[in-house]
Amino acid sequence: MAAPQSYAQQQPAQQTTQPPVQLNTPMQQAPTPAPGAPASTGTTIQQVGNTTSNSFTLRVNTQLVLTNVVVRDKKTGNVIRDLKATDFTILENNKPQKITSFDFQTVDAAARLNETTVSGTSPTIAQILDRSMGADAKQLRDHRLIVLFFDLSSMQDEDIDRAVAAAQDYIKNKMAPADLVAVASLSTALTLDHDFTANKADLLRAVDKYNGSNEAGAFAAGATSTTDVTSEDTTGFSADDTEYNNLNTDRQLYAIQSIAKSLERLDQRKSMLYFSGGLARNGIENQASMRAATNEAVKANMAIYTVDTRGLEALSPLGDASSGSLRGTSAYSGRAMQSRLDSNFASQETLGTLASDTGGKFFSDSNDFGPAFQAIQHDTEAYYILGFRSTDTKRDGTFRHLTVKLNRQDARLEFRPGYYAPADFQHQKTEDRELALNEQLKSDLPAVDISMYLEAFYFRENPNLYYVPMSLIVPGSQIPFVKAKDQDKATLDVIAQVKNAQGIAVGNVRDTLKLAVDGNVGAARRNIQYSTGFSLAPGHYHVKFVARENETGNMGSFETDLVVPDQKKQPMKLSSVVVSSQRTPAAQQPRRPGPMPPGMQQPVNPLIQDGQQFVPNVPHVFRQDAHLYLLYELYDPAKETAAAAAQANTQAAAQQSGLKARPAAGGIRVLTSIEFLQNGAKVLETPIVSTDVLNEPDRGAVAFNFDVPLAQLKPGTYICQVNVIDDASGSFIFPRLALKVVAPPAAAVPSAPAATPPAGN
């Protein structure tokens, strides 16, 4: 009858003898996410366990900074090929750095790649991470690695035609034997349509499918409303899609970041040719995503060559035939033309920034895209790869300028201007922290820095909807509390998402918990318990929680499958059985922030009874001197014949009048008791409790609440059996659950008050 067994039930020894700190907060929507920073530099030693332990963990975090340098003769423009590492000098923020790795690669020495493991059937971005392109990464030496990235979500049909035609011409006529090309696209999702290959036929098939495609299923940018450009058409209103465009821009930048991250393992210089119909950035709204994409491209040693596929545009002050005439005087005062120029420049500025910050080039205002391919081939025909480990070990996330010098005057150098230093949690911006939290929520890999365990229950609100309370436990020993006078304080971020069987998110939680525990008790010996809830229809769900403490940025995650039963055809409809050892004062709260929408009733939290909040005991470990509280509900118990007939008549009359009939409170007979078993023998049973009325008539439920002192039980493990009998129908059900009773400590520590809940709750 309870939810799936939690981690705490498998390892009850983690439960302390002190009652947990209880936090209850309403369900909230999760905001937009922000990225992690590059890998750090330096070495740290972290002690594991208590201060008397001799066990240490040596953790080394190091980052090799790579930069590509093209050296050309000033007069002829030819690549100078006979240089050594001693000929170069690298400065980071005007401080010299020691070159620790040096390599020279040229396409003239490219060997034929063994593509036996390359598959063009259904490749994904992850295949690059798995080295699917070849058995040995050394085979990639002296090759050009080029990614053709088609942003179908931003291009019109004619833009796609021009981009595809340029790609076809390059593949057919200009692609060199040393070129290895991958094809990726973004429409409704990011896909790798073909991994790296030198096979021209396969590449042509990959790009040909874009030709002639329309916007169906894509996300074209919306219009931004402005008083300077308002059309006189049948709508009479120009909707402002700024928020939508912000999310769309984040989505496009995140796609670039994902591709760059998948190429981190390859040391060679990579080039991305990004075909786009413009990428608008609104102030600081997309700053975090922009910085994340740029940082990841620099880390992956990938230069981005951006192409504005709109080509050479003629902007008319009066607009084109796709819109109606302008209203007002803006067409005659020049404001309309200036607004169009500003909008066009804004959509090109982001593309130019991506190119300049990663060492690439931006191509715009031209219908010939061939120079973009020529620039990539020219820039990567021969280059030096210089690597160094920065002497600046600070993880402050600042931009570090790079300067490369040569011990000769007849050469011209081409290199990227710098990179962003790695940032630890304390130096991350708010947007970056939020993005990191959301990325972990979406990640398939668990976060294990913080241990977490969870238990979920279900209570019926109506025959088609259940309220699912969830309790998340985080051990206090894994949270670095900060001493503040006589209290231990910490801040914990919690984010969660519930998805249905189709993978669609049906519930979100985002909360920041400010913890304050009496310093005399010791926060490390306490557990932090966070409670929330969701309203879900019967079905299969997947729930994932992520928690992060905000002192070091460590994160933990817990995810599990959840089944909400459909009890319509069950003879006995019983809720989960909640066991608790603690009750705290609580007021009924809505499960979402703000007032309830009109027509929606105040949601019922079944864990609140008579102003007391039942705190679920997730590990089922109880002290012998404590109380065991049990809470469960029986729905739609059978009624005696006379009462059932009267209820049927009432329902029929209500149906004719269009009203809703309230369930009759009487005419039932339900009996229940609690018994404890040990080694197959009954050691304790409570008196039988019977009722003949529904104490929750709006939900058609009989709610039972037991308080069992545990002093009568010796320390040990027991099976707790709940006996429920519906005497009117002759049905019964006996759910069981395991629990453990432990002896109280010799000198019991006074219980600490609950942690301070977040402001506003």
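The values are calculated or read from the model by the stated rules, or taken from the named source; none is laboratory data. For clarity, every value in this text was computed on a predicted model and none was experimentally measured. Here Cβ is always computed from backbone atoms with ideal geometry, including for glycine, and neighbour counts include all displayed protein chains. Quick note on the areas: whole protein, heavy atoms, side chains included, nothing else; ligands and nucleic acids left out. Shrake-Rupley method; radii C 1.70, N 1.55, O 1.52, S 1.80 Å.
Looking at (1) open to solvent by less than 10 Å² (accessible area, probe 1.4 Å); (2) over 22 Å from Val298 (Cα atoms), can you tell me which one Pro446 breaks?
Looking at each condition in turn, Pro446 falls short on (1).
Would you call Ile90 of a type in the set (Val, Ile, Thr) and at pLDDT 90 or above?
In short, yes.
Which of the residues spanning region 249-265 are modelled with pLDDT of 75 or more and open to solvent by 10 Å² or more (accessible area, probe 1.4 Å)?
Correct list: Asp250, Arg251, Tyr254, Gln257, Ser258, Lys261, Glu264.
Just to confirm my filter: which strands (runs of 3 or more DSSP E) fall fully inside region 463-578 and include at least 2 residues that are open to solvent by less than 50 Å² (accessible area, probe 1.4 Å)?
Qualifying strands (runs of 3 or more DSSP E): 465-475, 487-500, 505-518, 527-536, 539-549, 555-564.
Tell me, which residue of region 403-418 that is within 35 Å of the chain's Cα centre (by Cα) and open to solvent by 10 Å² or more (accessible area, probe 1.4 Å) is nearest to Gln105 (Cα to Cα)?
Among those that are within 35 Å of the chain's Cα centre (by Cα) and open to solvent by 10 Å² or more (accessible area, probe 1.4 Å), it is Phe415.
Give me the pairs: first residue in region 705-730 and of a type in the set (Ser, Thr, Tyr), second residue open to solvent by less than 70 Å² (accessible area, probe 1.4 Å) and in a loop (DSSP other than H, G, I, E, B), beta-carbon distance under 6 Å, and six or more apart or on different chains, which are they?
Every condition considered, the pairs that remain are Ser729/Ala638.
Among the residues of region 360-390, write down those that are among the aliphatic types (A, V, I, L, M) and either assigned to a helix (DSSP H, G or I) or modelled with pLDDT of 85 or more (or both).
Ala372, Ala375, Ile376, Ile385, Leu386 - these are the residues of region 360-390 that are among the aliphatic types (A, V, I, L, M) and either assigned to a helix (DSSP H, G or I) or modelled with pLDDT of 85 or more (or both).
Going through Ala182, Ala163, Ala135 one at a time, which residue ends up being aliphatic (A, V, I, L, M), modelled with pLDDT of 85 or more and farther than 17 Å from Lys270 by Cβ?
The unique qualifying residue is Ala163.
Would you point out which residue out of Lys74, Lys84 is more than 25 Å from Ala423 (Cβ to Cβ), loosely packed, with under 14 Cβ neighbours inside 10 Å, in contact with a Lys or Arg (Cβ under 6 Å, 6 or more places away or on another chain) and modelled with pLDDT of 60 or more?
From the options Lys74, Lys84, the qualifying one is Lys74.
Going by the conditions given, is Leu454 in a strand (DSSP E or B), closer than 19 Å to Gly556 by Cβ and either of a type in the set (A, V, I, L, M, F, W, C) or touching a Pro at 6+ places or on another chain (Cβ under 9 Å) (or both)?
Answer is yes for this residue.
Among the residues of region 282-326, which ones are in a loop (DSSP other than H, G, I, E, B), at pLDDT 70 or above and either at negative phi or hydroxyl-bearing (Ser, Thr, Tyr) (or both)?
Asn286, Ala300, Thr309, Arg310, Leu312 - these are the residues of region 282-326 that are in a loop (DSSP other than H, G, I, E, B), at pLDDT 70 or above and either at negative phi or hydroxyl-bearing (Ser, Thr, Tyr) (or both).
Applying the selection to region 156-192, what residues are open to solvent by 20 Å² or more (accessible area, probe 1.4 Å) and among the small types (Gly, Ala, Ser)?
Correct list: Ala165, Ala176, Ser187, Ala189.
Does Val543 count as modelled with pLDDT of 90 or more and either closer than 30 Å to Ala626 by Cα or of a type outside the set (Lys, Arg) (or both)?
yes
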